[in-house]
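Colleague: Before anything else, here's the structure in question.
The values are calculated or read from the model by the stated rules, or taken from the named source; none is laboratory data. As the structure is a computational prediction, the values presented were derived from the model and not from experiment. In this analysis, Cβ positions are derived from the backbone assuming ideal geometry, glycine residues included, and neighbour counts consider all displayed protein chains.
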């Protein structure tokens with residue numbers, strides 16, 4: 001059963017933005033300032049830059065494979081099920097922890113307004129958002145839009161009022177803790193950019209995902225990064241080290257100084273909205289990982305069940321909500337470090353996946369968005385993120401190591417015997433070693449994903465191409481010999497003698513050339529008899545050289561496909577007969593209505 005596509009660009013932007021603007025802005029600045037001093041602004045900037053390298057890679061990958069499970073799905077298809085299992089379980093773990101962190105963070109802010117036990121509030125909100133998400137992603141998306149726009153409005157008012165109240169002396173000395181502290185703090189606050197992962201995980205439920213997802217990811221990262229830097233800058237300038245260091249309500253304190261008690265309450269409400277939006281987005285996205293893992297056999301099948309009524313992964317949502325409630329028992333600093341460490345690993349996997357998929361030259365890897373300046377953003381991202389991991393400290397590395405070992409153990413004892421997937425790394429090894437290691441399974445899977453992504457409705461031309469004979473000749477050949485080979489190949493299928501087909505092909509070519517370009521010809525003949533139509537696809541690597549109404553439509557379809565400026569390059573680079581067929585099947589053209 002398929003998930004329902006109901007999210008648009010505004011929904012995508014708000015899911016990512018709402019997931020990012022929460023703990024990273026309303027709790028972490030005080031803790032981060034204690035580590036880096038006023039240079040914490042640079043730490044947020046560096047974190048955003050490194051997140052951008054991962055974001056560009058993820059945008060490309062998701063535009064090529066918009067499936068539930070996000071990075072798990074494309075990591076598995078690029079590096080194999082073992083690495084995919086690690087990536088999927090770690091990302092689910094990270095997103096669930098980040099959402100639990102949001103619920104924990106509300107404690108400091110609710111106490112400003114009302115005196116209620118945070119555990120009761122957190123549990124209640126968790127259950128509310130579980131129910132909202134089970135009822136449908138559209139309702140969850142609308143909730144997210146309202147929360148995010150209310151939040152951004154309040155923050156904008158704070159920035160306008162706060163810029164005039166900055167004390168420049170609060171920035172002296174600027175890098176009081178040293179350069180090393182700036183980098184380690186960038187790793188500490190990297191969790192702030194985890195919302196981008198949530199878009200990848202719900203990609204299967206986005207309308208026109210090839211265009212909307214990359215655009216939504218880019219807009220959300222740019223806008224949120226600007227808000228992060230400006231809000232942290234204003235808060236640092238307003239409060240100074242004495243009031244800001246280790247504060248768990250830094251933005252509310254800053255608003256209290258600038259706008260009085262009313263401002264403090266307003267920003268506390270904004271913080272609560274932010275945490276609520278993060279928890280909502282977290283349940284929405286994290287629950288798609290058990291779904292994707294169970295589809296591939298890496299987790300029990302029941303976790304992938306989709307509600308017949310609401311078309312949502314209700315078991316995965318309940319499972320994720322239960323884990324978040326358990327995570328509320330963990331300490332705040334453990335939540336932050338663990339979630340940030342796992343998030344860094346996920347971005348590294350994304351950068352590696354782009355490199356492997358591009359260099360493997362898998363034909364049906366056809367992203368709608370291509371990460372610019374490849375491969376430099378990926379290389380810079382991998383190196384920079386590895387440095388951040390090292391700066392995170394022994395505890396974070398130990399936690400990451402234990403999580404990886406746990407995920408690999410789960411794969412070894414449960415998933416390995418249930419999942420056999422071809423992946424791009426095998427294609428890359430095959431290309432380097434010239435040994436045949438792959439079948440067509442990955443290409444076929446990617447072909448079906450493209451059809452679903454681009455809403456390609458199979459018509460008569462597609463069905464004919466699916467069943468067509470494909471010839472791939474690796475030597476130079478005379479035109480008459482080529483016609484003879486084609487006639488022999490087609491004679492049995494259309495039940496007409498090879499001699500008749502050959503004679504008509506030669507006669508047709510004599511009437512007028514069917515050559516369209518130096519690398520393309522479309523010989524076509526009409527044979528008297530029953531109304532049938534068929535096509536033969538042929539490539540001569542070293543060169544050579546229906547009905548009547550449907551015959552003309554087929555010629556038009558072929559002409560449209562070959563107008564693609566990359567057609568000839570793809571055609572010459574295809575690795576198999578099925579690859580040649582897929583180039584035609586996936587070509588851009590106007591399709592007949594059924």
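Colleague: Return a yes/no flag: does segment 183-194 have any residue that is in contact with a helix residue (DSSP H, G or I) (Cβ under 9 Å, 6 or more places away or on another chain), closer than 19 Å to residue 12 by Cα, outside any helix (DSSP H, G or I) and assigned by TED's automatic domain parsing to the domain that holds residue 56.
Modeller: Yes, segment 183-194 contains at least one residue that is in contact with a helix residue (DSSP H, G or I) (Cβ under 9 Å, 6 or more places away or on another chain), closer than 19 Å to residue 12 by Cα, outside any helix (DSSP H, G or I) and assigned by TED's automatic domain parsing to the domain that holds residue 56.
Colleague: Among the residues of segment 431-441, count how many are part of a helix (DSSP H, G or I) and touching a helix residue (DSSP H, G or I) at 6+ places or on another chain (Cβ under 8 Å).
Modeller: Here the count works out to 1.
Colleague: For residue 259, which of the numbered conditions (1) farther than 23 Å from residue 341 by Cβ; (2) crowded, with 20+ Cβ neighbours inside 10 Å fails to hold?
Modeller: Checking residue 259 against (1) farther than 23 Å from residue 341 by Cβ; (2) crowded, with 20+ Cβ neighbours inside 10 Å, the one that fails is (2).
Colleague: Follow-up question, since we're still on this one. What do you reckon, is residue 407 in a helix (DSSP H, G or I), over 15 Å from residue 55 (Cβ atoms), modelled with pLDDT under 90 and under 22 Å from the mean Cα position of the chain (by Cα)?
Modeller: Here the answer is yes, as residue 407 does meet what is asked.
Colleague: Oh, and also: Restricting to segment 346-365, name every residue that is assigned to a loop (DSSP other than H, G, I, E, B) and touching a helix residue (DSSP H, G or I) at 6+ places or on another chain (Cβ under 6 Å). Spell out the reasoning first.
Modeller: Let us first name the residues in segment 346-365 that are assigned to a loop (DSSP other than H, G, I, E, B), namely 361-365.
Those that are assigned to a loop (DSSP other than H, G, I, E, B) and touching a helix residue (DSSP H, G or I) at 6+ places or on another chain (Cβ under 6 Å): 362, 363, 364, 365.
Colleague: Name the residue, out of 429, 382, that is within 21 Å of the chain's Cα centre (by Cα), modelled with pLDDT of 85 or more and not assigned by TED's automatic domain parsing to the domain that holds residue 569.
Modeller: 382
Colleague: Please work out if residue 230 is in the same structural domain as residue 390 (by TED's automatic domain parsing), modelled with pLDDT of 90 or more, assigned to a helix (DSSP H, G or I) and touching a helix residue (DSSP H, G or I) at 6+ places or on another chain (Cβ under 9 Å).
Modeller: Numbers: in the same structural domain as residue 390 (by TED's automatic domain parsing): yes; modelled with pLDDT of 90 or more: yes; assigned to a helix (DSSP H, G or I): yes; touching a helix residue (DSSP H, G or I) at 6+ places or on another chain (Cβ under 9 Å): yes.
So residue 230 passes the test.
Colleague: Any idea which residue in segment 458-478 is surrounded by the most Cβ atoms within 10 Å (Cβ to Cβ), counting only those that are touching a strand residue (DSSP E or B) at 6+ places or on another chain (Cβ under 9 Å) and part of a loop (DSSP other than H, G, I, E, B)?
Modeller: 468
Colleague: Could you tell me whether segment 70-88 includes any residue that is within 28 Å of the chain's Cα centre (by Cα), under 30 Å from residue 412 (Cα atoms) and at pLDDT below 75? Steps first, please.
Modeller: Within segment 70-88, the subset within 28 Å of the chain's Cα centre (by Cα) is 70-88.
The next check asks that each one be under 30 Å from residue 412 (Cα atoms); those that pass are 70-88.
Now restrict to residues that are at pLDDT below 75: 70.
Yes, there is a match, as at least one residue in segment 70-88 is within 28 Å of the chain's Cα centre (by Cα), under 30 Å from residue 412 (Cα atoms) and at pLDDT below 75.
Colleague: Condition test on residue 238, is it part of a helix (DSSP H, G or I), surrounded by fewer than 24 Cβ atoms within 10 Å (Cβ to Cβ) and in contact with a helix residue (DSSP H, G or I) (Cβ under 7 Å, 6 or more places away or on another chain)? I'd like the intermediate steps shown before the answer.
Modeller: Details: part of a helix (DSSP H, G or I): yes; surrounded by fewer than 24 Cβ atoms within 10 Å (Cβ to Cβ): no; in contact with a helix residue (DSSP H, G or I) (Cβ under 7 Å, 6 or more places away or on another chain): yes.
Considered against the rule, which asks whether it is part of a helix (DSSP H, G or I), surrounded by fewer than 24 Cβ atoms within 10 Å (Cβ to Cβ) and in contact with a helix residue (DSSP H, G or I) (Cβ under 7 Å, 6 or more places away or on another chain), residue 238 comes out as no.
Colleague: Specify which of the listed residues (284, 217, 259) is in a helix (DSSP H, G or I), under 18 Å from residue 91 (Cα atoms) and at pLDDT 85 or above.
Modeller: Only one candidate qualifies: 217.
Yes or no, residue by residue, for (1) in a helix (DSSP H, G or I); (2) modelled with pLDDT under 90:
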{"position": "443", "(1), (2)": "yes, no"}
{"position": "446", "(1), (2)": "yes, no"}
{"position": "452", "(1), (2)": "yes, yes"}
{"position": "456", "(1), (2)": "no, yes"}
{"position": "480", "(1), (2)": "yes, yes"}
{"position": "483", "(1), (2)": "yes, no"}
{"position": "488", "(1), (2)": "yes, no"}
{"position": "491", "(1), (2)": "yes, no"}
{"position": "499", "(1), (2)": "yes, no"}
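Okay, residues lined up against (1) within 30 Å of residue 421 (Cβ to Cβ); (2) touching a helix residue (DSSP H, G or I) at 6+ places or on another chain (Cβ under 9 Å); (3) assigned to a helix (DSSP H, G or I):
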{"site": "246", "(1), (2), (3)": "no, yes, no"}
{"site": "279", "(1), (2), (3)": "no, yes, yes"}
{"site": "294", "(1), (2), (3)": "yes, yes, yes"}
{"site": "302", "(1), (2), (3)": "yes, yes, yes"}
{"site": "318", "(1), (2), (3)": "yes, yes, yes"}
